[in-house]
Amino acid sequence: CGICGSDLHLWTEGHVSDFILTKPCILGHESSATVLAVGESVQNVKPGDRVAVEPAIPCLECDICRAGRYNLCLFSNLRTRGLPPMDGCLTQYYTHPSRFCYKLANHISSEEGAMCEPLSVVIHAVRRIQLSVGHNVLVCGAGTIGLMSLLCAKAFGANKVYITDVCNSRLELAKKLGADQTYLIDSKLFNDTEMAKIIVNDMGDAPDVTLECTGVASSTCMAIYATKDGGKVGIIGLGDNTIELPMAYAAIHEIDLIGICRYKDDFQLALQLISSGKVDLKPLVSHRFPIEEAINAFKLMKSRSDGVL
Ligand SMILES: [Zn+2]
Ligand SMILES: [Zn+2]
């Protein structure tokens with residue numbers, strides 16, 4: 001099981017976006033598992049298989065599900081493992097519908113299987129903003145999702161990928177993973193419009209698409225100012241429910257803000273990219289803990305020490 005910012009919010013504040021804890025809840029939504037038993041009619045997995053687990057369980061019957069956008073199904077918000085009210089995967093045993101379990105090939109580790117969940121979010125974003133071959137890309141934030149965005153943009157054929165963060169060690173890792181340029185954000189030195197200008201100047205052209213992975217207002221403003229006219233900004237990072245954005249600027253420059261909610265039919269491509277080596281997630285595992293010591297993983301994440309992803 002991987003632990004991310006959402007887990008940390010739930011642990012420390014008791015809520016993340018619309019998910020509010022009202023009773024104790026087992027966390028963990030970035031998970032792989034070994035199948036112990038299956039129901040009679042299950043075809044796609046068998047006992048002994050290792051699987052990546054897609055944690056949200058939609059109804060597959062409502063209008064939205066039938067229209068093919070099952071990630072927006074109301075039921076899936078109530079039935080996402082590790083988000084209240086549904087218990088998650090930081091536990092030894094649980095049951096899960098087989099159609100949301102994806103078999104891992106022998107050469108894919110269980111750790112990589114667990115990282116299919118955040119990678120699928122990024123793939124969903126990259127598909128929604130129609131990132132394609134030759135695009136120049138800006139990624140805001142070099143945490144797990146930002147770094148996966150960088151790797152994914154490259155796998156989708158991006159030309160240049162520039163990335164920002166407030167933390168130098170993350171940018172160092174981004175460089176190792178192939179970022180063409182990194183920017184340490186310091187709002188005391190440059191405001192969001194100035195920062196956008198610097199990035200566009202360095203790139204030689206404005207980014208065709210931007211992936212905003214921080215949820216921070218100033219970063220989202222910068223993303224809008226930096227993106228090419230007619231371009232798209234994928235809103236992956238979520239911070240405060242309400243933030244102030246330059247909407248008039250976005251409107252007259254026809255910059256589309258594209259919302260991203262989880263994933264739909266993206267786990268298959270996530271596994272394919274990992275399997276073929278087009279996306280190598282191994283450098284993103286910064287620490288490992290046995291499940292009994294999960295609490296220490298949360299404490300370490302909360303400490304925000306250098307090098308923790
Ligand atoms: Zn997560
Ligand atoms: Zn539904």
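One table, with the values for the structure above:
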item	result
Per-pair calculated FRET efficiency, R0 = 30 Å: C261 and D49 via Cβ, rounded to 0.05	0.60
Selected from D192, D63, D49 as most flexible by GNM, with the chain as the system and alpha-carbon contacts under 10 Å	D63
Net charge dipole size for the range 1-105 [Lys, Arg +1 and Asp, Glu -1 on Cβ; Debye, nearest 20]	260 debye
Within the chain, helix-based [θ] at 222 nm, where runs of 4 or more DSSP H residues each add -39,500 (n - 2.57), nearest 500	-9500 deg cm²/dmol
In order through the range 257-270: 3J(HN,Hα) via Karplus (6.51 cos²θ - 1.76 cosθ + 1.60), integer Hz, x for Gly, Pro	9, 10, x, 10, 10, 6, 7, 8, 6, 10, 4, 4, 5, 4
√(5λ) per eigenvalue of the Cα gyration tensor, the range 142-266, largest first, Å	20, 18, 15
Aspartates and glutamates with Cα under 15 Å of K175, excluding same-chain neighbours fewer than 8 positions away	D165, D280
Violating pairs (Cα-Cα greater than 22 angstrom) within the set K232/K302; K23/K103; K103/K264; K176/K278	K232/K302; K23/K103
Using θ = phi - 60° and Karplus 6.51 cos²θ - 1.76 cosθ + 1.60, couplings along the range 80-95 (whole Hz; Gly, Pro as x)	10, 4, x, 10, x, x, 9, 4, x, 9, 7, 8, 6, 10, 7, 9
Debye, to nearest 20: dipole size of the range 180-298, +1 on Lys, Arg Cβ, -1 on Asp, Glu Cβ	280 debye
Fluctuation leader among P290, P85, P97 - the chain, Gaussian network, Cα springs under 10 angstrom	P290
Positive-end residue, the range 125-259 charge dipole about Cα centroid, Cβ charges, pick of A223, A155, I145	A155
Average silhouette area of the chain, convex hull of alpha-carbon atoms, in square nanometres	16.3 nm²
Whole-number accessible area per residue in Å² for the range 125-259, which is evaluated in the context of all protein chains at 1.4 Å	45 Å²
Backbone HN-Hα couplings from phi across the range 120-125 [Karplus 6.51/-1.76/1.60, Hz, Gly and Pro as x]	5, 4, 5, 4, 4, 5
Sequence ranges 205-211, 23-29, ranked by mean other-Cβ count within 10 angstrom, highest first	205-211, 23-29
Cβ-based charge dipole, the chain, positive-most Cα from V126, V308, G2	G2
Listed peptides 32-42, 271-281 by packing density, highest first (mean Cβ within 10 Å)	271-281, 32-42
Gaussian network model of the chain, Cα within-10 Å springs - most flexible of G204, G113, G88	G204
Size of electric dipole in the chain: Cβ of Lys, Arg +1 and of Asp, Glu -1, about Cα centre, debye, nearest 20	600 debye
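The values are calculated or read from the model by the stated rules, or taken from the named source; none is laboratory data. None of these values were measured; they are calculated from a predicted model. FYI the Cβ positions are ideal-geometry reconstructions off the backbone, even for glycines, and counts take in every protein chain you see. Remember, those area values only see protein heavy atoms, side chains included, never the ligands or the DNA or RNA. Shrake-Rupley method; radii C 1.70, N 1.55, O 1.52, S 1.80 Å.
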